[in-house]
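Remarks on the structure that follows.
The values are calculated or read from the model by the stated rules, or taken from the named source; none is laboratory data. Since this is a predicted model, take the numbers as computed values, not measurements. We place every Cβ from the backbone using ideal geometry, glycine too, and count neighbours over all the protein chains shown.
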Amino acid sequence: MGFSAFAQDPLFSQFFNAPSYLNPSLVGQFDGDYRVSVIYKNQLSVANGELTYLNALADFYIPNFGSLGISFNRSSEGIALLNRNNFALTYAYELKNDYFTSSFGIEGGISNRSIIFRKLIFADQIIPEIGVVGGSVSGVSPTVDSSPFFDAGAGASIVFSDFFLGAAYHHLNSPVQSFVGGKSTLSPRLTLNASYRFALNQYSSYYTDNNIYVIPSVVYYSQNYSKSLSTGLQLKYKTFNAGAWYRSNTQGGADALVFSLVYTLSLRSEDGESLRMGYSHDTNTSKTGNDQIRGNNEFSVGYQKYWATSSRFGVGNGLRCFNFY
């Protein structure tokens, strides 16, 4: 009897610090000409077999062409080190006028899924009186331990007035990632996000940084049978950002409460050089069956600046997505 299996992608709590992972159209959407960013998540670290996730991005703005991004994604799960590595190239193009800024992005890359089969333990290897023994009959290792495949995605985003909206579709081609030739597909992931930005001092200009902003946001993920909704808000003042989020699980119940802190260190204002550092903690509210698990930690860092001969520095309409996080 055959069966189908479907895998789901990990989700970053600091979605705003993993721009290409959230939406390919966000490549090049930053206050600079080039940017390098990394985000790392250690999930369920007390459980046997860690779940760790990494997203790294380098993106560049090219005048009269658009923006290019090179990203690397890695996930490592379980005691058998079920890994997925992905290298992707993203192209994004921006359109703007006095009333809106919109961006469209496409990406394509190569992923590879691998596992160390000898570390797996099957039911017929467990003898209650003895423990774990070797020589499983039911768990015969496949002849290959890796599965490369092509992966593609696309997205669009728009900023108008005090609103920021985005939609993205990853794994457009539903790639097969089976080790044994079965139908183990990576289902497409739909991501929808919306944010609203308002100043506590309504008499202050939209373009000024000398104000305190409240930014409520919602992010919806759907991938096969897995669905999740993150809702919350950020409090932003100049270079400091604090956020609180609620995330639901597939059944619609509570999954986690997330608290985030982000600080941007301005290194040189004359060329926009800055260093952005973020930390978030997930407090699990779902039942994991392990009382030792207290939550997940996530760290991010990003560096950006303008070229000395930049044609982008100081040019803009004030309607940019990075104003929302």
Q.
closer than 17 Å to Ser147 by Cα and within 17 Å of the chain's Cα centre (by Cα): which single residue out of Arg113, Arg74 fits that description?
A. Arg74
Q: Check whether at least one residue in region 38-52 is crowded, with 23+ Cβ neighbours inside 10 Å, at pLDDT 95 or above and in a strand (DSSP E or B), and report yes or no.
A: yes
(Q) Is it the case, given these coordinates, that Arg247 is modelled with pLDDT under 95 and either in contact with a Lys or Arg (Cβ under 9 Å, 6 or more places away or on another chain) or of a type outside the set (Phe, Trp, Tyr) (or both)? (A) yes
Q) Using beta carbons and a limit of 9 Å, which pairs, at least six apart or on different chains, have the first residue in region 224-250 and under 28 Å from Glu273 (Cα atoms) and the second one of a type in the set (Lys, Arg)? A) Lys236/Arg197; Thr239/Arg276; Ala242/Lys236; Gly243/Lys236
